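One structure is given below, encoded as structure tokens.
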Amino acid sequence: MAGQDPLQPGSIAMVRLHRFFAVFLLLAAALAAPAQAGKPYQYYAVGDPTNVVVAPRTKSAMVLMGGGPDVDAAFSWMIQKGGGGNFVVIRSRGTDAYNPYIFAMGGVQSVETLVIPSRDAANDPFVIERIRNAEELFIAGGDQSDYINFWEGTPVQAAIQELANRKTPIGGTSAGMMLLGRFGFSALNGSITSSEALANPFDKRITLERDYLAMQAMGSVITDAHFDTRDRLGRLVTFMARIVNDGWATMARGIGVDVETALLVEDGKGSRIGAGSVTFLQTVGVPQVCLPKQPLTYQNLQAQRLSGGGTFDLGNWAGYGGSTVNYTVSAVQGVLVTK
């Protein structure tokens with residue numbers, strides 16, 4: 001009589017084999033865990049992250065991206081201006097999706113993503129080292145209140161400023177763009193629409209930040225993203241009214257960037273790329289009415305819209321090349337009027 005097949009279903013040998021494979025899979029998963037397991041940050045890299053030293057940059061470079069679909073050419077421009085090397089993306093939440101996207105463009109040795117979701121992470125020496133060694137730095141979108149709560153007053157904020165001082169290309173999209181001006185909407189109490197801001201310029205959701213970073217030619221500027229699709233002209237006017245009304249500055253300037261659009265700024269001179277426009281605003285005098293629970297009245301802000309292939313000088317606050325349209329914007333009892 002033939003013996004039983006030791007590997008037939010239900011046999012002792014088969015049960016042991018199943019247990020072996022289960023243990024093997026658990027062990028493999030453990031070995032595949034990221035090297036920073038247990039750390040307060042997440043770190044991902046493609047390519048060779050060995051530190052690269054490039055020639056010092058002689059011109060500053062900055063990308064203001066308005067959110068929505070990313071503008072491929074903006075990343076290529078940053079790589080060109082930064083000299084390749086190590087391209088670093090920082091964010092407070094999210095994934096490493098930028099790594100393969102940017103690396104596929106070529107011209108860099110590595111692309112690294114640091115997810116920095118706490119003040120502990122923003123004080124970690126490894127995080128600071130990777131940021132300080134970046135040849136290009138990009139701040140992803142998300143929630144700008146995270147960048148205030150998690151990074152302000154930490155070595156992360158200082159490292160970003162150090163890069164700016166060294167003329168390292170720095171870019172940001174959506175929330176990552178919002179704090180690249182001297183002033184910024186910090187969203188600490190949530191977001192706000194244009195109609196809500198115009199109706200009450202002291203709404204508790206209007207939380208403004210100043211001096212987060214000192215970027216070249218951005219000394220009087222506050223920015224706003226998703227400018228077209230979320231109808232944000234009214235709230236940017238309100239933010240600027242508050243800056244002047246509260247005595248933060250005698251004059252405020254605003255930059256609104258449409259989705260799928262970027263402003264490439266080199267030594268204070270910007271060019272537009274992408275599908276949409278970039279709007280530039282400047283205040284004239286003080287608001288006529290800027291009081292709690294009263295509709296805003298602020299007349300004759302000077303506006304310029306850049307939609308073509310010309311340039312805009314952030315120092316002179318003027319467009320060149322015939323691609324800007326000039327007009328005025330007024331808030332009259334909480335209603336926008338353009339001429």
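The values are calculated or read from the model by the stated rules, or taken from the named source; none is laboratory data. Note that the structure is predicted; figures quoted are calculated from it, not measured. Counting neighbours? That spans all protein chains shown, and the Cβs are built from the backbone with ideal geometry, glycine included.
Restricting Ile148, Ile116 to those that are closer than 20 Å to Lys39 by Cβ and not basic (Lys, Arg) reduces the list to Ile116. Among the residues of segment 301-309, is there at least one that is touching a strand residue (DSSP E or B) at 6+ places or on another chain (Cβ under 8 Å), in a strand (DSSP E or B), surrounded by fewer than 17 Cβ atoms within 10 Å (Cβ to Cβ) and at pLDDT 95 or above? Yes; the residues of segment 301-309 include at least one that is touching a strand residue (DSSP E or B) at 6+ places or on another chain (Cβ under 8 Å), in a strand (DSSP E or B), surrounded by fewer than 17 Cβ atoms within 10 Å (Cβ to Cβ) and at pLDDT 95 or above.
Can you tell which of Gly68, Gly38, Gly10, Gly3 is at positive phi and either modelled with pLDDT under 65 or part of a helix (DSSP H, G or I) (or both)?
Checking each option against the conditions leaves just Gly10.
The residue list Ala140, Ala158 contains one member that is surrounded by fewer than 16 Cβ atoms within 10 Å (Cβ to Cβ) and outside the structural domain of Met215 (by TED's automatic domain parsing), which is Ala158. Being within 25 Å of Ala61 (Cα to Cα) and charged (D, E, K, R) is the filter here; which residues of segment 304-339 pass it? Residues satisfying the conditions are Arg305, Asp313.
Just checking, how many residues over segment 35-87 are surrounded by 24 or more Cβ atoms within 10 Å (Cβ to Cβ) and more than 25 Å from Arg272 (Cβ to Cβ)? Residues in segment 35-87 being surrounded by 24 or more Cβ atoms within 10 Å (Cβ to Cβ) and more than 25 Å from Arg272 (Cβ to Cβ): 1 in total. Which residues, counting only those in segment 175-208, are farther than 28 Å from Pro69 by Cβ and crowded, with 24+ Cβ neighbours inside 10 Å? Leu198, Pro201, listed by residue number. Quick check on my filter: what residues within segment 191-234 are within 27 Å of Lys167 (Cβ to Cβ) and of a type in the set (Ser, Thr, Tyr)? Tyr212, Ser220, Thr223 - these are the residues of segment 191-234 that are within 27 Å of Lys167 (Cβ to Cβ) and of a type in the set (Ser, Thr, Tyr). Return yes when Gly84 is at pLDDT 95 or above, within 28 Å of Val259 (Cα to Cα) and outside the structural domain of Ile116 (by TED's automatic domain parsing) and no when it is not. No.
Kindly establish whether Gly234 is in contact (Cβ under 8 Å) with a residue 24 or more places away in the chain, surrounded by fewer than 24 Cβ atoms within 10 Å (Cβ to Cβ), in contact with a Lys or Arg (Cβ under 6 Å, 6 or more places away or on another chain) and not in a strand (DSSP E or B). No, not satisfied. Where strands (runs of 3 or more DSSP E) sit wholly within segment 140-231, those with at least 1 residues that are among the charged types (D, E, K, R) occupy 208-210, 221-224. Going by the conditions given, is Leu263 crowded, with 19+ Cβ neighbours inside 10 Å and either part of a loop (DSSP other than H, G, I, E, B) or modelled with pLDDT of 95 or more (or both)? The answer is yes for Leu263.
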